[in-house]
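Each reported figure results from applying straightforward, stated rules to the coordinates on display, with no laboratory input. Every value quoted in this text rests on a predicted model; they were computed, and no experiment measured them. Please note: Cβ atoms are built from the backbone with ideal geometry, for glycine as well, and neighbour counts cover all protein chains shown.
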Amino acid sequence: MTLILDAPVVDTEIPFDILRAQLTGDLLTRDDPAYEATVSPWNLAVAMRPAAVAAVRTAEDVVATVRFAGSYGLTAGVQATGHGAEASLAGHLLVMTRGLDEVTVHPEGWARVGAGVKWSQLVPQAAAYGLAGVNGSTTDVGIVGYTTGGGVGPMARTYGINADRVRAFEVVTGDGVFRRVTPTEYPDLYFALRGGKGAAGIVTAIEFDLVHMPTFYGGAIYFDATDAAAVIDRWRGWADELPEQGTTSFVLFQLPPLPQVPPPLAGKMTLGIRFLWTGDAEEGARLLNQIRDVAPVLLDDAHQRPYTEIDAVHADPVDPMPVTDPAILLGSFPAEAADRLLEVAGPGSGSPQVMVEVRHLGGAYAREGRYPSAFSHRAARFSVLTVGVAGDVAMATAALAHSDRVFAALGDWDTGGVWPNFGIPHDARSARRSYDEATLARLREVVDRYDPQGVLQAGAYTRAVA
């Protein structure tokens, strides 16, 4: 299903063979049999239709592609896994970074990875040394895209965002120059790449600090949705009282009766309480027991586990699917907000969403890192995400309309913002939701300095609000 139109049409006489001859990777145009499989993002509801795809294997391939685009008046986009795909950001030439697959873990506590590497490739290698990255809710996403959007995961209250842990980027800017970026080398780019979501350049590799985390206590416990009001009421106060070693969220699930869905959760609405505790396991269990005691538990999947089982906390799907997934941020989540949410998305509401998630923030997430970044949402206390299946246009329309109802119900507490990873900046409106005015002004300066021709499609939104 196509929700967004193709990229702008380009002159069919563009000599793509010139670029093809310069690449160690592949250059695919729309008539190539491998084009569709290469360009397809994780979210099947988004159609990425650039004029050509450069499936790069080296940083030099990226340089060649960006310079070629600049020479012929084309724009360039970038994609690795396509979890955050936005069709208007594909550009005329889409740089596919999956082939940049370097993974190096340093036992003293840091890693270097290529732009095509998913967290799932890093986690087991880091775990061999008792280390872990500050990854997202699923390890199926790419490390670079996650980090350039900020990087908020299930340990956010303990360790903050991954953007604050970056040592260095290797990046190709819109002027076609390869640069190594650190807090002291190109500090303006270092600011923009951490939260700026690709506006300032196409990252080819990233180096960042890991944490010592061989095991954790956590997972999720599930209740019947008829007990949601009581459980969420207790969760609100409980979450606010948690020490920073704990990060939690809740989710209203409506999972289909499929073989891969646990029977207690299949074919009905349930409530999941997710919890990750980085401290002593017995203390984590004691704290979570305060939620277990509120109502009968349908399924209990919280216990001490190796870090390689981190995906069990959110249990996000891995297989590509067509979805709608808008989000907002809240300044608070009082009892009235919980009541309004359940009215529009709880039992008997007729909600079409597969899931409605509320994450609790604060702790280390709320503190600025050592160096300023383009991530603008430290003051937010909660995030709200809705996910609906978009199998056809009617389903997508219904899911998005219902998301609007959910967000309107929570409007009194809406900060007006959204994480760049949850609301991909691609026009003036999305840019203003993703960044405050001061950050947008700094991003514009960086984009104008390093991409004066406007080659990078992701930088266009900063100019749109000038």
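A few remarks follow.
- Modelled spin labels at Glu445 and Glu102, positioned 7 Å past Cα toward Cβ, are 3.1 nm from each other.
- Segment 216-413, dipole about Cα centre (Lys/Arg Cβ +1, Asp/Glu Cβ -1), debye to the nearest 20: 300 debye
- Summarised in one figure, the compactness ratio Rg/Rh of segment 103-212, Cα atoms and Kirkwood Rh, is 0.95.
- Contact order, relative form, for segment 103-212: 32 percent (alpha carbon pairs under 8 Å, 6 or more residues apart, mean separation divided by residue count).
- Restricting the calculation to Cα atoms, every distinct pair contributes to the Kirkwood radius of segment 7-66, found to be 12.3 Å.
- Counted by neighbouring Cβ atoms within 10 Å, the residues Phe169, Phe223 run from fewest to most as Phe223, Phe169.
- Order of Lys197, Lys118 under a 10 Å beta carbon neighbour criterion, fewest first: Lys118, Lys197
- Mean shadow area of segment 316-466 over all directions, Cα convex hull, nm²: 11.0 nm²
- When only the Cβ of Lys, Arg, Asp and Glu is charged (+1, +1, -1, -1), the dipole of the chain relative to its Cα centre reaches about 600 debye.
- For segment 161-250, pairs of C-alpha atoms spaced more than 22 angstrom apart make up 52 percent of the total.
- Rounded, prolate or oblate (a/c below 1.5 giving rounded, otherwise prolate when a/b exceeds b/c) for segment 266-382 by Cα gyration tensor: rounded
- MRE, 222 nm, helices only [DSSP H, n ≥ 4, -39500 (n - 2.57), over the chain, to nearest 500]: -8000 deg cm²/dmol
- Counting every C-alpha pair in segment 201-299, the share spaced more than 17 angstrom apart comes to 58%.
- Solvent-free Debye scattering, log10 I(q)/I(0), computed from the Cα coordinates of segment 75-143 at q = 0.12, 0.24 Å⁻¹: -0.36, -1.00
- Given charges at Cβ of Lys, Arg, Asp, Glu: the chain dipole, positive-most of Gly136, Phe253, Gly391: Gly136
- Residue order, fewest to most surrounding Cβ atoms within 10 angstrom, among Thr324, Thr386: Thr324, Thr386
- Rounded D (µm²/s) - segment 216-413, Kirkwood Rh over Cα pairs, Stokes-Einstein at 25 °C, 0.890 mPa s: 140 µm²/s
- Based on the reciprocal of the average 1/r between different C-alpha atoms, the Kirkwood radius for the chain equals 22.6 Å.
- Dipole orientation for segment 216-413: of the candidates Leu341, Gly369, Gly284, Gly369 has the Cα lying most toward the positive pole (charges on Cβ; Lys, Arg +1; Asp, Glu -1).
- The loop-placed GluC sites (Glu not before Pro) in segment 93-193, going by DSSP, that have at most 10 neighbouring Cβ atoms within 10 Å of their Cβ come out as Glu108.
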